[in-house]
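J.: Below is a structure I'd like to ask you about.
Each value in this text was obtained by applying a stated rule to the coordinates, not by laboratory testing. Just so it is clear, the structure is predicted and the values come from calculations on it, not from any experiment. Neighbour counts run over all protein chains shown; Cβ positions are idealised from the backbone, glycine included.
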Amino acid sequence: QRLTDVKISFAGGMIEGRILTAEREPVVRAQVNARGPKNTPQMTYRNVETDGLGRFRLGGLPEGRYDIYANMQTGGGADPALDIQTGTTDVEIVLKPVQTLAGTVRSGSTGRPLERFFLSLQPVQEAGGDRRSRRGGSRWQNWIQSPDGTFEMAVMPSRYQVTVKAPGHEPKVI
């Protein structure tokens, strides 16, 4: 059989912009997504990655207003650009500066560095804060192998509850 009257359309709105570091340098390969259109029963999600100049283009969006979110692979994030109309070409999102969390994990009984441990970071939920401030930090957890028991990682500025677990040791919450 033969299909006729098939129409394929890539029409729709688009939103363009740039993702920059706190120092206003372009962010390469940042993840950018659009959520919207607002006040409609059917939400659309589009995800793209920035190019070598920190630019993004979210195309094929139904007409309307969107919230644009961005974060980079090293854990940096930004407040979203809210209520952006399709057709906007100058969205600029500046990532929050990252900070370094570093330390050494040692055995409580011997004082020797532990070579293998599980580290978990959970942002502290501030009472009375708005939704964005409660999401300010990055959640992270993983096993770490370190011959001298040290770790160092980039994190979003925030207050964290840090939990360390190691085989044969009681979990420690800081």
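J.: So if R0 is 30 Å, what FRET efficiency would residue 57 and residue 139 give, r being the distance between their Cβ atoms, rounded to the nearest 0.05? Kindly include the intermediate steps, with their values, before the conclusion.
T.: Numbers: r = 29 Å, r/R0 = 0.97.
Efficiency for this residue pair is about 0.55.
J.: Around residue 115, with a cut-off of 13 angstrom between Cβ atoms, what is the net charge of the other residues, counting Lys and Arg +1 and Asp and Glu -1?
T.: Numbers: positive: 106, 112, 116; negative: 148.
In short, +2.
J.: Sort 151-161, 28-38 for me by packing, meaning the mean count of neighbouring Cβ atoms within 10 Å per residue, highest on top.
T.: Working: 151-161: 15.0, 28-38: 19.0.
Answer by packing, highest mean first, reads 28-38, 151-161.
J.: Another one. Measure off 7 Å from each Cα along the Cα-to-Cβ vector at residue 109 and residue 92, then give the distance between these two points in nanometres to one decimal.
T.: 5.8
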